[in-house]
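Structure record follows, encoded as structure tokens.
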Protein chains: 2
Amino acid sequence: MPDKLTGKPVTKEIYAKIRSKIEDLKLTPKLVIIMIGEDPAAQYYVQNLEKRGLKIGIIIETKTYGTDITQTEILNQIDDLNQDDSVHGIMIQKPLPSHLDESEIVMKLSPEKDMDGFHPINMGNLILGKEGFLPSTPTAVLELLDFYNIETSGKNIVIIGRSNIVGKPLANLLLRKNKTGNATVTVCHSKTENLSEITRKADILIAAIGKAFFVTADMIKSDSIVIDVGVNQIDDPEKGHRYVGDVDYENCFHKVSAITPVPGGIGTITTAVLLRNVLSAAQKAN
Amino acid sequence: MPDKLTGKPVTKEIYAKIRSKIEDLKLTPKLVIIMIGEDPAAQYYVQNLEKRGLKIGIIIETKTYGTDITQTEILNQIDDLNQDDSVHGIMIQKPLPSHLDESEIVMKLSPEKDMDGFHPINMGNLILGKEGFLPSTPTAVLELLDFYNIETSGKNIVIIGRSNIVGKPLANLLLRKNKTGNATVTVCHSKTENLSEITRKADILIAAIGKAFFVTADMIKSDSIVIDVGVNQIDDPEKGHRYVGDVDYENCFHKVSAITPVPGGIGTITTAVLLRNVLSAAQKAN
């Protein structure tokens with residue numbers, strides 16, 4: 001029977017460590033979320049984050065703005081938060097209205113408060129193997145690999161997807177010289193020729209494409225490990241809609257040695273590693 | 001007969017463009033090289049750079065320091081150069097004495113004057129696909145691919161070597177969505193299992209290991225393209241020593257469709273792209 005690599009025990013361990021550290025060090029880490037507009041999925045995510053923060057002792061303040069906010073106003077707001085010593089981390093909740101320049105907004109963040117790890121300095125430190133804040137989703141994959149003691153050294157890891165927030169940073173992290181690194185890493189994407197031929201060589205296949213059921217059973221090697229980073233909303237006759245991953249889980253399950261579910265897999269861990277970033281920021285500030 | 005992908009015509013074209021731009025824009029780009037100690041290879045490299053600068057209209061000033069310079073002194077020196085509007089680019093010549101903290105020195109550089117592209121901000125912009133200064137050696141590889149119209153889109157490109165200055169940045173660049181990008185990229189290294197099996201699948205094999213004759217004919221696919229980034233000094237009974245690449249050129253030559261020589265390949269182009277960075281910095285400053 002293949003292993004179902006659920007995120008819950010991974011998350012539980014991370015939260016326990018955060019809680020005990022906050023108690024030991026008597027810290028009150030504080031995260032400010034900047035949310036623009038009223039995207040229901042974003043609101044749902046942020047509400048969950050706030051609840052979780054309450055439970056483990058991290059203050060989370062959400063600043064909500066109308067979609068008519070100007071670029072200058074948002075930059076000034078970030079400036080104030082950068083200066084505010086009581087604020088340890090800042091997160092810019094997506095989506096942003098199209099009139100705003102996301103790149104400039106991220107550049108404005110103090111790298112020491114950039115909880116998403118999207119500031120070029122943090123991204124650069126990631127590739128250079130230096131200390132910095134790491135983006136949540138790639139880090140969540142590493143946490144899962146680490147928790148379940150999945151050997152990566154020398155293994156063929158194939159990532160499908162070359163996004164700035166998952167595929168590329170994850171590839172660089174898996175090349176690091178540490179417990180969850182030392183892998184032989186291949187990055188595939190929409191231009192890849194003979195995709196199945198490449199994915200069938202993967203000891204560990206990581207799907208980060210954003211297309212429901214993209215990875216089918218014929219694309220994976222028997223007894224390999226499959227990690228599904230995708231979260232895709234599809235229609236559901238009963239519930240209206242539901243979330244599925246990039247992997248055709250039902251059909252792949254019996255072929256693999258282990259696989260992450262969606263929901264309940266990687267997505268579960270991302271919130272925990274984000275909040276751990278807030279703790280780290282508070283530790284560094286103190 | 002396989003193609004010998006020499007660097008000279010690539011370089012010639014880059015220098016011609018630099019020269020004409022300097023004339024058109026009436027600029028006097030200036031590079032300051034910081035050299036510590038008297039490493040003969042470094043001195044030789046810098047002298048060549050100075051000569052080349054003279055020819056194309058870029059002022060190159062080399063500041064040489066004794067190996068007893070302190071970290072504070074070097075940081076102060078960089079501070080002065082960062083402030084100096086007549087200086088457009090700064091390059092820290094390797095090797096540095098071991099008592100100096102290279103990482104802190106690079107961090108001190110203004111990213112706008114970091115000609116090597118090693119500042120985390122420039123590295124981060126590289127991975128994020130944003131504008132910034134790119135490191136010379138990976139850029140030289142892209143220039144060669146571009147000059148010889150080598151198709152990368154959808155091709156299997158295997159890089160051997162995961163260094164911060166070649167393997168990792170090059171992998172990220174080859175994933176970009178442009179003429180020299182869109183490749184399916186695999187990064188191999190010392191921990192890779194079944195290396196030959198992987199390299200034999202490469203449409204384009206890039207060797208960046210730093211080991212003489214590491215890549216042998218049995219490791220490459222027939223009619224593939226081989227790019228040799230290595231520069232290794234070996235003993236020579238007549239000349240005392242000579243430089244060879246990471247690829248066993250003699251034995252691989254007849255199997256490939258095209259290959260870069262060492263010397264005379266990628267290494268030739270790195271100086272040109274470094275000097276082009278100085279021109280770009282001067283353009284941005286003006």
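Does A:Gly117 satisfy the condition of being within 12 Å of another protein chain (Cβ to nearest Cβ), closer than 19 Å to B:Leu126 by Cβ and buried (at least 23 other Cβ atoms within 10 Å of the Cβ)? Considered against the rule, which asks whether it is within 12 Å of another protein chain (Cβ to nearest Cβ), closer than 19 Å to B:Leu126 by Cβ and buried (at least 23 other Cβ atoms within 10 Å of the Cβ), A:Gly117 comes out as yes.
The residue that is surrounded by the most Cβ atoms within 10 Å (Cβ to Cβ), counting only those in the range A:199-229 that are among the small types (Gly, Ala, Ser) and away from chain B (no Cβ under 14 Å), is A:Ala207.
Test A:Phe147 against the criterion of being more than 18 Å from the chain's Cα centre (by Cα) and more than 7 Å from every other protein chain (Cβ to nearest Cβ), and give yes or no. Even if it seems obvious, please write down each step before you answer.
Values: more than 18 Å from the chain's Cα centre (by Cα): no; more than 7 Å from every other protein chain (Cβ to nearest Cβ): yes.
Criteria not met by A:Phe147.
Taking each residue of the range A:187-198 that is facing chain B (nearest Cβ under 8 Å) and more than 11 Å from A:Ile209 (Cβ to Cβ) and looking for partners that are assigned to a loop (DSSP other than H, G, I, E, B) and not acidic (Asp, Glu) with beta-carbon atoms closer than 6 Å, six or more apart or interchain, yields A:Val187/A:Arg162; A:Val187/B:Leu175; A:Lys191/B:Ser153; A:Lys191/B:Gly154; A:Lys191/B:Asn182; A:Glu193/B:Gly154. Among the residues making up the range B:222-236, those that are closer than 17 Å to B:Ile209 by Cβ and part of a strand (DSSP E or B) are B:Val226, B:Ile227, B:Asp228, B:Asn232, B:Gln233, B:Ile234. Regarding B:Thr11, is this residue over 26 Å from B:Ala282 (Cβ atoms), assigned to a helix (DSSP H, G or I) and modelled with pLDDT of 95 or more? So B:Thr11 does not fit the description; no.
Check B:Pro169, B:Pro135 and return the single one that is within 14 Å of chain A (Cβ to nearest Cβ), modelled with pLDDT of 95 or more and closer than 28 Å to B:Glu73 by Cβ.
Numbers: B:Pro169 fails: closer than 28 Å to B:Glu73 by Cβ.
Sole residue among the options that is within 14 Å of chain A (Cβ to nearest Cβ), modelled with pLDDT of 95 or more and closer than 28 Å to B:Glu73 by Cβ: B:Pro135.
Residues in the range B:245-274 that are surrounded by fewer than 21 Cβ atoms within 10 Å (Cβ to Cβ) and either part of a helix (DSSP H, G or I) or out of contact with any Ser or Thr (no Cβ under 8 Å at 6 or more places or on another chain) (or both): B:Tyr249, B:Glu250, B:Asn251, B:Phe253, B:His254, B:Ala258, B:Pro263, B:Thr271. Scanning the range B:35-67 for residues that are closer than 11 Å to B:Leu100 by Cβ and free of Cβ contacts under 8 Å to residues at least 60 places away in the same chain gives B:Tyr65, B:Thr67. Of all the criteria given as (1) within 12 Å of chain B (Cβ to nearest Cβ); (2) buried (at least 17 other Cβ atoms within 10 Å of the Cβ); (3) under 25 Å from A:Ser103 (Cα atoms); (4) out of contact with any His (no Cβ under 7 Å at 6 or more places or on another chain), the one not satisfied by A:Ile157 is (3).
The values are calculated or read from the model by the stated rules, or taken from the named source; none is laboratory data. From a predicted model like this one, the values you see are computed outputs, not experimental measurements. Neighbour counts run over all protein chains shown; Cβ positions are idealised from the backbone, glycine included.
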